[in-house]
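*Asks:* Please see the structure below; I have some questions.
The values are calculated or read from the model by the stated rules, or taken from the named source; none is laboratory data. Here the structure is a predicted model, which is why all the values come from computation and not from measurement. Here Cβ is always computed from backbone atoms with ideal geometry, including for glycine, and neighbour counts include all displayed protein chains.
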């Protein structure tokens with residue numbers, strides 16, 4: 001990145017600015033992977049990123065390189081400047097016209113942070129102490145992935161794994177849907193379900209496929225089939241359209257179906273994951 | 001609607017067709033309300049509409065006026081033609097170029113049905129036999145409303161109420177997110193929360209606000225505060241950004257918070273509703 005003058009009134013107005021051009025490239029997945037950086041958009045995401053970066057003691061090691069804000073956003077969210085100062089992160093004021101260059105959504109509200117990608121090695125977070133791990137296999141919709149990550153965070157999960165064929169954890173829509181949880185829960189990417197399941201089992205977790213195909217345990221009648229949700233559990237959720245393929249179900253120790261009391265055929269991925277993950281959390285804390 | 005010839009090869013190719021123009025108007029909320037009709041888009045929604053229309057005995061009285069399909073969709077979903085015949089619904093083949101006229105999404109996949117709006121009076125569905133009623137107050141996102149409606153259906157809810165300031169139940173995105181559940185669960189619209197809560201109480205339901213503001217019961221520790229989820233329950237969910245305002249909480253018998261075991265601030269509306277509604281269903285069936 002070419003050096004640019006840092007002054008108290010650091011202000012970028014040209015789309016040809018090297019900083020803007022470098023950030024703009026991060027709207028593409030291939031560049032995010034190459035650079036090991038991604039964009040967090042919107043005051044909530046940026047706030048969580050800065051808080052986590054200032055902490056330096058959280059479970060997720062967050063590094064924020066720089067923050068871009070418009071004049072309007074600067075005025076509207078003065079707390080972000082304080083947080084950036086505390087985290088020792090440089091803030092650039094940018095012309096509002098530059099926002100679309102580095103943001104693919106209207107949701108950024110003029111606040112965008114450049115962060116280091118967060119994913120950690122599988123073996124670092126799936127350990128003998130793990131109680132709850134969430135695995136998304138071949139999930140394609142960024143909003144769904146983010147929603148499940150947020151639920152996993154709320155339920156106190158130890159880690160979330162996105163398998164190699166899943167959506168990018170750093171897709172702007174994924175980041176936004178996590179509502180900051182991406183900066184709270186350790187995330188593992190680029191591994192296969194069989195590797196994850198094998199390690200989980202070796203570390204003492206039961207590996208459960210959320211899957212309605214029989215034979216499956218009934219989530220609400222665990223005793224009928226000897227399901228023990230109080231045990232450390234790794235939940236595996238499949239693609240939003242076709243679920244977990246047979247091959248992936250076979251990697252798990254068992255399948256669990258959410259009972260349908262009405263006439264819906266199924267739940268969508270986000271709500272199904274919420275019901276399963278929270279049922280684990282409820283049972284484990286009893 | 002001007003009469004058009006009905007033949008075995010009924011085919012519409014002109015955007016000036018009276019049928020297409022009449023259907024196109026239904027992409028606007030005001031026209032849906034005026035005409036008492038709406039569009040169901042996509043093979044899954046249309047299939048569920050036709051199945052429900054043929055039944056004539058379901059809890060939801062579904063009427064489908066006509067179905068538009070492209071040649072490609074006709075070939076890909078031959079079952080829809082059988083279902084339409086069984087429900088005595090006329091199918092028009094339309095030129096693919098006409099689809100955007102009557103569909104605001106790419107998700108229609110060339111299959112669109114014109115249906116009669118489904119909402120029923122509040123007093124018809126909130127009765128002394130009701131066990132589970134879901135109320136959405138001031139929910140604005142159509143996808144969220146549809147997601148909760150689908151969860152309510154899956155959990156066996158007796159009815160879903162969208163208060164007068166909520167998103168339109170017949171918004172194409174709402175309809176699609178219900179994945180057919182709009183044709184399974186009775187829906188009430190255009191009433192205020194206080195009216196709904198009052199009737200619910202009069203019919204023996206406890207009215208619970210899903211709301212983290214203290215004082216709230218802990219969903220997972222009901223005994224601590226004497227919460228009995230096995231009782232007939234009316235759940236009230238508020239707006240996705242600001243929840244239930246104080247005034248609305250006061251209409252309820254109590255508030256229930258989903259415990260957060262990790263660091264997320266909250267869940268999103270769809271997943272929060274899923275956790276609460278399924279916890280009711282689980283407790284009631286024990």
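*Asks:* Might you let me know whether region B:136-159 holds any residue that is under 22 Å from residue B:13 (Cα atoms) and modelled with pLDDT of 95 or more?
*Replies:* no
*Asks:* A further question follows. Any idea how many residues of region B:158-178 are touching a strand residue (DSSP E or B) at 6+ places or on another chain (Cβ under 7 Å) and either away from chain A (no Cβ under 13 Å) or assigned to a strand (DSSP E or B) (or both)?
*Replies:* The total comes to 11.
*Asks:* Taking residue B:160, is it within 20 Å of residue B:283 (Cβ to Cβ) and touching a helix residue (DSSP H, G or I) at 6+ places or on another chain (Cβ under 9 Å)?
*Replies:* Here the answer is yes, as residue B:160 does meet what is asked.
*Asks:* If residue B:124 satisfies all but one of (1) surrounded by fewer than 24 Cβ atoms within 10 Å (Cβ to Cβ); (2) farther than 30 Å from residue B:72 by Cα; (3) more than 13 Å from chain A (Cβ to nearest Cβ); (4) in contact with a strand residue (DSSP E or B) (Cβ under 6 Å, 6 or more places away or on another chain), what's the number of the condition it fails?
*Replies:* Answer for residue B:124: the failing condition is (4).
*Asks:* Continuing with this model, one more query. For region A:156-165, enumerate the residues that are over 14 Å from residue A:205 (Cβ atoms) and surrounded by fewer than 24 Cβ atoms within 10 Å (Cβ to Cβ).
*Replies:* Correct list: A:156, A:163, A:164, A:165.
*Asks:* Turning to a different aspect of this structure: Which residues, taken from region B:250-277, are within 19 Å of residue B:143 (Cα to Cα) and surrounded by 19 or more Cβ atoms within 10 Å (Cβ to Cβ)?
*Replies:* Scanning region B:250-277 gives B:267, B:268, B:269, B:270, B:271, B:272, B:273, B:274, B:275, B:276, B:277.
*Asks:* What is the number of the single condition among (1) in contact with a helix residue (DSSP H, G or I) (Cβ under 7 Å, 6 or more places away or on another chain); (2) outside any helix (DSSP H, G or I); (3) within 14 Å of chain A (Cβ to nearest Cβ); (4) in contact (Cβ under 8 Å) with a residue 60 or more places away in the chain that residue B:130 does not meet?
*Replies:* Residue B:130 satisfies all of (1) in contact with a helix residue (DSSP H, G or I) (Cβ under 7 Å, 6 or more places away or on another chain); (2) outside any helix (DSSP H, G or I); (3) within 14 Å of chain A (Cβ to nearest Cβ); (4) in contact (Cβ under 8 Å) with a residue 60 or more places away in the chain except (1).
*Asks:* Would you mind listing the helices (runs of 4 or more DSSP H) fully within region B:185-286 where at least 2 residues are more than 14 Å from every other protein chain (Cβ to nearest Cβ)?
*Replies:* It comes to B:193-202, B:246-250.
*Asks:* Give region B:167-189 a look and list any residue that's under 21 Å from residue B:123 (Cα atoms) and modelled with pLDDT under 95, or say none.
*Replies:* Passing the criteria: none in range.
*Asks:* Could you list, in sequence order, the residues of region B:68-81 that are touching a helix residue (DSSP H, G or I) at 6+ places or on another chain (Cβ under 9 Å) and in a helix (DSSP H, G or I)?
*Replies:* Selection gives B:71, B:72, B:73, B:74, B:76, B:79, B:80, B:81.
*Asks:* For the list (1) over 20 Å from residue A:268 (Cβ atoms); (2) within 11 Å of chain A (Cβ to nearest Cβ), I need the number of the one condition that residue B:148 fails.
*Replies:* So the condition that residue B:148 fails would be (1).
*Asks:* Name, by its number, the condition in (1) within 26 Å of residue B:240 (Cα to Cα); (2) modelled with pLDDT of 95 or more; (3) part of a helix (DSSP H, G or I) that does not hold for residue B:120.
*Replies:* Here residue B:120 meets the rest and fails (3).
*Asks:* Here is a further query. Restricting to region A:14-29, and then to whatever is assigned to a helix (DSSP H, G or I) and within 26 Å of the chain's Cα centre (by Cα), can you tell me which residue is nearest to residue A:97 (Cα to Cα)?
*Replies:* A:20
*Asks:* What's the number of the only condition in (1) touching a residue at least 12 places away in the same chain (Cβ under 8 Å); (2) within 30 Å of residue A:158 (Cβ to Cβ); (3) part of a helix (DSSP H, G or I) that residue A:40 fails to meet?
*Replies:* Here residue A:40 meets the rest and fails (3).
*Asks:* Moving on. So which residues in region A:221-249 are surrounded by 17 or more Cβ atoms within 10 Å (Cβ to Cβ) and without any contact (Cβ under 8 Å) to a residue 40 or more places away in the chain, if there are any at all?
*Replies:* Correct list: A:227, A:243.
*Asks:* Being touching a helix residue (DSSP H, G or I) at 6+ places or on another chain (Cβ under 7 Å) and assigned to a helix (DSSP H, G or I) is the filter here; which residues of region A:135-157 pass it?
*Replies:* Across region A:135-157, the qualifying residues are A:142, A:143, A:144, A:145, A:146, A:147, A:148, A:149, A:150, A:151, A:152, A:153.
*Asks:* If only one of A:250, A:230, A:197 is touching a strand residue (DSSP E or B) at 6+ places or on another chain (Cβ under 6 Å) and on the phi < 0 side of the Ramachandran plot, which one is it?
*Replies:* Going through A:250, A:230, A:197 in turn, just one is touching a strand residue (DSSP E or B) at 6+ places or on another chain (Cβ under 6 Å) and on the phi < 0 side of the Ramachandran plot: A:197.
*Asks:* Can you tell me which condition residue A:61 does not meet? The list is (1) within 23 Å of residue A:183 (Cα to Cα); (2) in a helix (DSSP H, G or I), and all the others hold.
*Replies:* The failed condition is (2).
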